[in-house]
Structures are given as structure tokens and as C-alpha cells.
Amino acid sequence: MAQQDVHHHHQQKNKHSRIDQETALYYKATHQQRSSSKCFVFVLAAFVFLCAVLLVFASIVRFRNPRVKLTSVTLTQIRLINPTSSLPSLFNATLLTHLTITNPNYGGFSYENGEVSVVYGGLRIGDIARVHSDTVKARKSKEMNVTMQVRSPNNVTLLSGNHSGTLNLTSYARFNGTVRLLKIIKKRNTIEMACVINLNFTSHQIKAIHC
């Protein structure tokens with residue numbers, strides 16, 4: 001009887017030991033599975049973060065072309081010569097142009113002396129207006145006023161036979177400059193503009209601007 005009790009005791013002990021081992025193995029496997037899941041989540045989060053950083057960096061270092069736009073023109077003075085005679089009519093005028101340079105880059109755009117001129121029929125009329133060197137800050141715009149003296153050449157008839165009372169002039173602007181990113185990356189850039197100015201010399205007003 002005593003031997004049976006001892007044998008039964010050993011069986012119970014072995015049974016409990018086996019259960020403890022199985023439980024330990026189960027918790028160990030569960031812990032490893034959780035660790036693997038946490039590691040996968042960490043790697044995935046690090047990958048997403050790295051991709052986001054690379055996208056932001058690529059957006060910062062990507063060059064974009066600055067733009068120059070003619071926003072308004074004011075006719076401050078006009079003088080017609082022989083406006084009613086049968087002789088070719090000539091004129092002198094002063095135009096006040098308002099330009100805006102927009103820099104979409106994450107670095108400054110430094111331009112050298114810019115040029116603004118007016119052309120009629122492929123021929124430049126008047127003087128070339130010079131714009132002094134300056135810098136447009138990152139993601140900013142810079143506005144400027146440029147005064148232009150426009151006059152018709154003596155050997156060119158601009159107004160004679162013009163019964164519409166309007167004259168279409170083309171305003172050109174050109175700026176050569178450099179875009180600098182992160183103070184170490186730079187790229188030469190030239191921006192240009194061409195806009196048609198519809199001048200009504202009867203009412204002495206700018207009728208329309210088309211860019």
C-alpha cells in the first residue's frame with residue numbers, strides 16, 4: 001500500500017512537472033511572438049519615418065523655377081505728335097509697370113541686373129529699364145515698380161491709319177540669377193516674361209494686359 005502511494009505521488013509530481021514545462025514553453029513562445037511583433041512594428045515605423053524624411057528632403061532640395069509676373073501698368077504721361085494731321089503720328093509715353101517675382105524654392109533666389117523693355121512689331125521702342133540686383137527670400141515674393149520711357153522711332157509709323165484707337169505693345173522682362181538651397185547647392189536660372197499691353201491713346205489709359 002505504501003509503495004502504491006509512493007508510485008502515485010511520483011506520477012502526480014511528474015504530471016505537475018510536465019504541466020509546468022508546457023506552461024513555461026507556452027509563455028516563452030508567446031513572449032517570443034510578442035517580441036517579434038514589436039520588432040516588426042518598430043521596423044515598419046522606422047521605415048515609414050525614413051520615407052517621410054526622404055520625401056521632405058527631396059522636396060526641399062528640388063529646384064523650382066522662379067516666376068516674374070506683370071501685375072499692373074499705369075500710364076503716367078503721354079504726348080502725341082501730329083495726332084490729327086495726315087502725317088505719321090508719333091508719341092512719347094511714360095509707363096509705370098508693377099512686377100512681382102515669386103520664388104517657390106526653399107532657398108533664396110539672387111538675381112543680377114534685370115532688364116525690362118517694350119516692343120512693337122518686333123522693334124524695341126524706348127529705353128531698356130534696368131532693375132538692380134537683389135534677393136528674393138525662400139518661399140517669398142518681391143514686388144517692384146519699374147518706370148519705362150516709351151517713344152516711337154521717327155522712321156516708324158505706329159498710329160497712322162490706326163482707327164481702333166488702341167496700340168498693342170509687348171513688355172519683356174528678363175532676370176538672370178541663382179537659386180541656393182541649404183547654402184551649398186546652387187543652380188543658375190533665367191526667368192522671362194512677355195505680356196501684351198493694350199494702350200488706348202484716345203482715352204490715354206491702359207485698356208488690358210494679357211500675359
For peptides 144-151, 39-46, sequence by mean Cβ density within 10 Å, most packed first: 144-151, 39-46
Residue-span extension gain [residue 196 to residue 124] - 0.36 nm each, minus C-alpha spacing: 24.6 nm
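Given a Förster distance of 22 Å, report the FRET efficiency between residue 110 and residue 59 from their Cβ-Cβ distance, rounded to the nearest 0.05. Intermediate values should be presented prior to the final figure.
Details: r = 21 Å, r/R0 = 0.97.
Using R0 = 22 Å, I get an efficiency of 0.55.
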Sequence ranges 100-110, 196-206, 47-57, ranked by mean other-Cβ count within 10 angstrom, highest first: 100-110, 196-206, 47-57
Rounded if a/c under 1.5, otherwise prolate or oblate - segment 67-210, Cα gyration tensor axes: prolate
Least to most buried among 111, 172, 120 (fewest other Cβ within 10 Å first): 172, 120, 111
Virtual spin-label span in nm between residue 46 and residue 168, 7 Å along Cα→Cβ: 6.4
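All of the numbers you see were taken from the coordinates with simple rules; none came from a lab. None of these values were measured; they are calculated from a predicted model. Quick reminder, even Gly has a Cβ in these numbers, built from the backbone with ideal geometry, and neighbours come from all protein chains shown.
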